[in-house]
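Peer 1: Structure in structure tokens, see below.
The values are calculated or read from the model by the stated rules, or taken from the named source; none is laboratory data. Values in this document were obtained by computation on a predicted structure and should not be read as measured data. Don't worry about glycine lacking a Cβ; one is built from the backbone with ideal geometry, like all the others, and counts go over all protein chains shown.
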Amino acid sequence: MMTRPHITLVTGGARSGKSALAERLVRRFGLPLIYIATAEARDGEMASRIAQHQASRGKGWTTIEAPRDLPAVLEGCDGQGARLVDCLTLWLSNGANAADFDRLVVTLRQQRCPVVLVTNELGQGIVPADPMTRRFRDDHGRLNQRVAEVSDEVWTAISGQPLRLKPWRHDPDAPL
């Protein structure tokens with residue numbers, strides 16, 4: 001067991017390779033593998049996507065479903081292995097306005113075993129046309145910033161290629 005948590009955030013666009021990168025990163029710890037799924041199969045197409053994710057992971061994973069109360073699930077399975085949470089975007093969407101960012105951040109800071117979290121990068125597209133979608137995009141950006149702040153590592157996946165964002169080797173506030 002680790003004496004302090006190792007929190008990793010993996011971000012990227014749709015089909016960027018972020019889930020595959022997160023799986024590689026969580027395996028580094030050499031602990032039992034726990035997949036915390038936030039997706040819900042609300043239709044046949046989503047059920048098919050979930051099945052494809054499960055098949056691509058292969059054997060050796062324990063899956064826990066956490067579409068809403070992610071902090072409680074993280075608390076409940078801490079100490080059992082390295083966890084991969086896929087994904088924060090769906091968790092936020094499932095919770096509508098009930099997603100508690102503060103509770104998630106406190107829970108992450110209290111973990112004894114590693115957590116790798118996957119999220120989407122939504123803020124690089126066009127400004128949404130309606131207020132509800134703009135609010136979701138803004139809330140999602142704030143969630144990503146909060147989790148990135150407490151993370152030991154932040155990675156992005158672009159076209160299947162990993163890029164580490166944190167820790168960064170250069171201090172952006174240092175004089176040139």
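Peer 1: Out of curiosity, is Ile36 at pLDDT 95 or above and either assigned to a loop (DSSP other than H, G, I, E, B) or more than 24 Å from Leu122 (Cα to Cα) (or both)?
Peer 2: For Ile36, the condition - at pLDDT 95 or above and either assigned to a loop (DSSP other than H, G, I, E, B) or more than 24 Å from Leu122 (Cα to Cα) (or both) - is not met.
Peer 1: Now a separate question. Considering the range 81-102 alone, what residues qualify as being touching a strand residue (DSSP E or B) at 6+ places or on another chain (Cβ under 6 Å) and either of a type in the set (S, T, N, Q) or under 30 Å from Met132 (Cα atoms) (or both)?
Peer 2: Within the range 81-102, Leu84, Val85, Asp86, Cys87, Leu88, Thr89 qualify.
Peer 1: Okay, moving on. Cβ-Cβ distance below 6 Å, separation of 6 or more or different chains: which pairs start in the range 21-32 with a residue that is among the aromatic types (Phe, Trp, Tyr) and end on one that is in a loop (DSSP other than H, G, I, E, B)?
Peer 2: What qualifies is Phe29/Pro114.
Peer 1: Taking interchain pairs and intrachain pairs at least six residues apart, which have beta carbon atoms under 6 angstrom, with the first residue in the range 44-63 and among the aromatic types (Phe, Trp, Tyr) and the second surrounded by 13 or more Cβ atoms within 10 Å (Cβ to Cβ) and outside any loop (DSSP other than H, G, I, E, B)?
Peer 2: Matching pairs, first to second residue: Trp61/Leu33; Trp61/Tyr35.
Peer 1: Check off (1) assigned to a helix (DSSP H, G or I); (2) surrounded by fewer than 21 Cβ atoms within 10 Å (Cβ to Cβ); (3) hydrophobic (A, V, I, L, M, F, W, C) for Ala98 and give me the number that stays unchecked.
Peer 2: All conditions are met except number (1).
Peer 1: Here's a follow-up. Val116: in contact with a Ser or Thr (Cβ under 6 Å, 6 or more places away or on another chain), under 27 Å from Arg28 (Cβ atoms) and surrounded by 15 or more Cβ atoms within 10 Å (Cβ to Cβ), yes or no?
Peer 2: Criteria met by Val116.
Peer 1: While we're looking at this one, here's another question. Of all residues being in a helix (DSSP H, G or I) and touching a residue at least 12 places away in the same chain (Cβ under 8 Å) in the range 64-75, which is farthest from Gly17 (Cα to Cα)? Just the residue, please.
Peer 2: Glu75
Yes/no per residue for (1) among the acidic types (Asp, Glu); (2) part of a helix (DSSP H, G or I); (3) at pLDDT 90 or above:
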residue	(1), (2), (3)
Leu108	no, yes, yes
Thr119	no, no, yes
Pro128	no, no, no
Met132	no, yes, yes
Phe136	no, yes, yes
Ala148	no, yes, yes
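Peer 1: Answer yes or no: is there a residue in the range 155-170 that is of a type outside the set (Asp, Glu), touching a Pro at 6+ places or on another chain (Cβ under 9 Å) and under 19 Å from Ala20 (Cα atoms).
Peer 2: Yes: one or more hits.
Matching residues to (1) out of contact with any Leu (no Cβ under 9 Å at 6 or more places or on another chain); (2) more than 19 Å from Phe136 (Cα to Cα); (3) surrounded by 19 or more Cβ atoms within 10 Å (Cβ to Cβ):
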{"residue": "Glu23", "(1), (2), (3)": "no, yes, yes"}
{"residue": "Pro32", "(1), (2), (3)": "yes, yes, no"}
{"residue": "Gly58", "(1), (2), (3)": "yes, yes, no"}
{"residue": "Thr63", "(1), (2), (3)": "yes, yes, no"}
{"residue": "Gln80", "(1), (2), (3)": "no, yes, no"}
{"residue": "Leu104", "(1), (2), (3)": "no, no, yes"}
{"residue": "Leu108", "(1), (2), (3)": "no, yes, yes"}
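Peer 1: Based on this model, can you work out whether Gly13 counts as in contact with a strand residue (DSSP E or B) (Cβ under 9 Å, 6 or more places away or on another chain) and at pLDDT 95 or above?
Peer 2: Against the criterion (in contact with a strand residue (DSSP E or B) (Cβ under 9 Å, 6 or more places away or on another chain) and at pLDDT 95 or above), Gly13 does not qualify.
Peer 1: Are any residues in the range 43-62 assigned to a helix (DSSP H, G or I) and more than 23 Å from Cys77 (Cβ to Cβ), and if so, which ones?
Peer 2: Within the range 43-62, Gly44, Glu45, Met46, Ala47, Ser48, Arg49, Gln52 meet the criteria.
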